[in-house]
Amino acid sequence: MTTSNDKLVEKTISTEPVFSGRIISLQIDTVELPDGSKATREVVKHPGAVAVIAIHEGRLLLVDQFRQPMRRCELEIPAGKLEKGEDPMEAAKRELQEETGYHCDQISLIHSFYTSPGFADEIIHLYLAEGLSAGEMALDEDEFLEVYEATLEECQQYIVEGRIADAKTIMAVYIWQQQLARDAESKEI
């Protein structure tokens, strides 16, 4: 893949695996810089993930879950990692159902984005789920969470309070806010 500025490309000379876990792996790449000198880059490899914006009766579905790296609970949109070879759209439907119990009639990709491109290759595929109907949750055996439904105003307050602090959920709230503004604008025309 070429970048918009090929003169900035770093050429990988070697890769040293350091750690391989259940979710991530860590490697150290030795690279040749554009000026010919060498440097090392610590790279976290991740299989990718999905996240779902699901709005039910004017409320965003959120899950409250303890996050060990932060050592606290975090309100987030439903999300999860991709299984090997899994289609992201199918994974988004699966995660929505597993974490909230809801099924959707329609699902569409909004955008795919990298979480921390300075050191990780994790990509999140963000979907919008529509036509929701309630069902049963199917949590993983090591997954404990509670489902919340919050208005836009409540979500905005949760961001201010720090209860929502992850990028994907903040992005979801802003996308929802923009969509509501566009809908209101089109009604005025």
Charge tally in the Cβ shell below 12 Å around Ala167, where Lys, Arg are +1 and Asp, Glu are -1, Ala167 excluded
-3
With a/c under 1.5 counting as rounded, go ahead and sort region 34-116 into rounded, prolate or oblate using the C-alpha gyration tensor (a ≥ b ≥ c being the square roots of the eigenvalues; past the cut-off, prolate if a/b is larger than b/c, else oblate).
prolate
Decide, for region 81-164, between rounded, prolate and oblate: order the square roots of the alpha carbon gyration tensor eigenvalues as a ≥ b ≥ c, take rounded if a/c falls under 1.5, and otherwise choose prolate if a/b is larger than b/c, else oblate.
rounded
Honestly region 46-189 on the Cα gyration tensor test (a ≥ b ≥ c root eigenvalues; a/c under 1.5 rounded, otherwise a/b vs b/c for prolate or oblate) is just rounded
Please state the charge dipole magnitude for the chain, taken about the Cα centre, from unit charges on C-beta atoms (+1 on K and R, -1 on D and E), reported in debye and rounded to the nearest 20.
640
I'd like the Karplus ³J(HN,Hα) series for region 26-33: coefficients 6.51, -1.76, 1.60, θ = phi - 60°, whole numbers in Hz, and an x wherever there's a Gly or Pro.
10, 9, 10, 9, 9, 10, 9, 7
Quick one: accessible surface of Arg94, probe radius 1.4 Å, all protein chains present, in square angstrom to the nearest 10.
60
Test of understanding: what is the full-extension gain from Lys38 to Ile24, defined as 0.36 nm times their sequence separation minus their Cα-Cα distance?
2.5 nm
Positive end of the dipole of the chain, charges at C-beta (+1 Lys, Arg; -1 Asp, Glu), about the Cα centre: which of Gly131, Pro78, Thr40 has its Cα farthest in that direction?
Thr40
Positive end of the dipole of the chain, charges at C-beta (+1 Lys, Arg; -1 Asp, Glu), about the Cα centre: which of Ile107, Ala184, Ser14 has its Cα farthest in that direction?
Ser14
Among region 116-131, those whose backbone N falls under 18 Å of a label point 7 Å along Cα→Cβ from Arg67 are 116-127
Roughly how many debye, to the nearest 20, is the charge dipole of region 38-87 about its Cα centre, given +1 on each Lys and Arg Cβ, -1 on each Asp and Glu Cβ, and no other charges?
440
Need one value: the accessible area of Phe113 in square angstrom, 1.4 angstrom probe, rounded to the nearest 10.
30
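The values are calculated or read from the model by the stated rules, or taken from the named source; none is laboratory data. Treat the numbers as computed from the prediction; the structure is a model and nothing was measured. With ideal geometry, Cβ positions are generated from the backbone for all residues, glycine too; neighbour counts draw on all protein chains shown. These area figures cover heavy atoms from the full protein model, side chains too; ligands, DNA and RNA do not enter into them. Shrake-Rupley method; radii C 1.70, N 1.55, O 1.52, S 1.80 Å.
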